[in-house]
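Let me begin by presenting the structure, written as structure tokens, before commenting on it.
The values are calculated or read from the model by the stated rules, or taken from the named source; none is laboratory data. This is a predicted model, so every value here is computed, not measured. Every residue, glycine among them, receives a Cβ derived from its backbone with ideal geometry; neighbour counts consider all protein chains shown.
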Amino acid sequence: MSDDTPEPDRIEGAPHPRETPVLFGQDAAQTAFLDAFNSGRLHHGWLITGPRGVGKATLAWRIARFLLATPDTDDGGMFGDALPKPDSLNIPGDHPVARRIAAGADPGLYRITRSVNEKTGRLRDQIVADDVRKLNGFLHLSAADGGRRVVILDAADDMNTQAANALLKMLEEPPERTTLLLISHQPARLLPTIRSRCRDLRLSNLSPADLAAALQQAGVEDQLPDALAELAGGSVGAALRLINLGGLALYGEILAVLRSLPQLDRPRALKLAEAAAARGGAEKLDLLLTLTDVALARLARTGATGQPPAIEAAPGEAETFQRLAPNPHKARKWATLAQKITTRARHGRAVNLDPAALVLDMVFNMQSTASR
């Protein structure tokens with residue numbers, strides 16, 4: 001991949017996971033892997049799962065550095081004594097392995113992501129079979145000095161059917177001293193046979209404190225607003241996306257439309273639709289659909305529990321939600337609408353429906369639900 005080609009496994013505004021020194025809030029997953037290593041029962045395939053942006057790729061790169069830099073504890077030291085068992089996955093940044101990995105030059109590591117289509121010069125939207133089959137050459141090389149080899153696949157969800165079948169063959173007959181690290185945001189989309197041949201490492205959403213620390217490490221120096229942390233849902237990736245695309249202001253516009261219901265502020269709704277249809281607005285539309293889903297989920301939860309969100313993601317959110325969802329019956333209506341909007345939006349994107357029409361359809365459905 002050339003220097004000017006975007007890396008599909010990098011979040012805009014943040015360092016690449018291989019450059020991220022500290023993993024916050026995922027001690028349980030790190031301990032589980034370390035225990036497996038120290039017990040001598042290191043599985044050949046690991047499925048690293050969890051929501052987007054919580055550190056799955058960072059964990060994979062930490063594991064890769066650790067495996068390639070750490071000898072087996074039963075190899076013996078200079079005098080044949082058993083080596084002490086490591087108590088952390090940390091590898092110093094000045095370690096030769098860490099330096100080689102940072103430079104993309106360690107012969108024991110292979111990375112699979114979406115590749116560039118040579119005909120178009122653009123990144124593919126899937127990992128194709130050839131991307132996986134190229135791994136064969138790496139696996140059949142003799143590991144230097146009898147050492148390990150590590151493969152990072154980010155993300156396994158991106159594989160098409162042919163790529164998944166090619167990977168399955170490798171998982172069924174794994175080469176000796178090779179560890180495959182599969183990153184997955186939606187493991188249910190993977191072949192059951194792939195999931196069954198991997199050990200699961202589940203990562204969870206970050207606490208507000210861990211989220212703030214991770215963002216500071218990523219270079220976001222400003223204090224994280226409570227509203228942004230609320231919408232990010234414990235995901236560094238989501239928080240950075242909200243920051244980069246003006247997510248707080250966009251959520252405020254969605255709430256303003258909801259606040260106007262059931263009458264509907266039509267000029268505001270049209271402005272929202274025009275913003276989504278603007279040139280280069282695909283990312284904005286995706287974020288708008290995501291934040292609408294978040295708003296409806298928070299609205300339904302308010303009606304179901306009788307309690308508005310403890311922290312408002314926009315001014316007036318609590319009052320608006322209590323008025324629109326005063327009881328569990330109304331909450332079910334909003335929850336049903338959220339599912340309907342998600343389905344219609346997915347279909348609309350698939351058939352290239354005009355973004356403005358997609359947004360207006362969504363708004364009119366919200367008005368209809370509020371009017372009942």
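Highlighted here are the helices (runs of 4 or more DSSP H) found entirely within the range 160-270 that include at least 3 residues which are over 22 Å from PRO315 (Cα atoms) and in contact (Cβ under 8 Å) with a residue 12 or more places away in the chain: 161-172, 192-196, 208-217. For the range 204-227, the count of residues that are closer than 18 Å to PRO15 by Cβ, of a type in the set (Ser, Thr, Tyr) and not assigned by TED's automatic domain parsing to the domain that holds ALA325 is zero. Scanning the range 340-348 turns up no residue that is of a type in the set (A, V, I, L, M, F, W, C), farther than 22 Å from LEU245 by Cβ, touching a residue at least 40 places away in the same chain (Cβ under 8 Å) and in a helix (DSSP H, G or I). Looking at the range 91-111, I want the residues that are within 13 Å of LEU67 (Cβ to Cβ) and have a partner that is part of a loop (DSSP other than H, G, I, E, B) with Cβ atoms under 6 Å, at least 6 apart or on another chain. Which pairs are those? Matching pairs, first to second residue: ALA98/ILE91; GLY108/GLY147. Do the conditions hold for ASP293, that is, is it assigned to a helix (DSSP H, G or I), more than 20 Å from ARG323 (Cα to Cα) and of a type in the set (Asp, Glu)? Considered against the rule, which asks whether it is assigned to a helix (DSSP H, G or I), more than 20 Å from ARG323 (Cα to Cα) and of a type in the set (Asp, Glu), ASP293 comes out as no. Among residues belonging to the range 14-44 that are crowded, with 21+ Cβ neighbours inside 10 Å and in contact with a strand residue (DSSP E or B) (Cβ under 7 Å, 6 or more places away or on another chain), point out the one that is nearest to LEU231 (Cα to Cα). The selected residue is ALA29.
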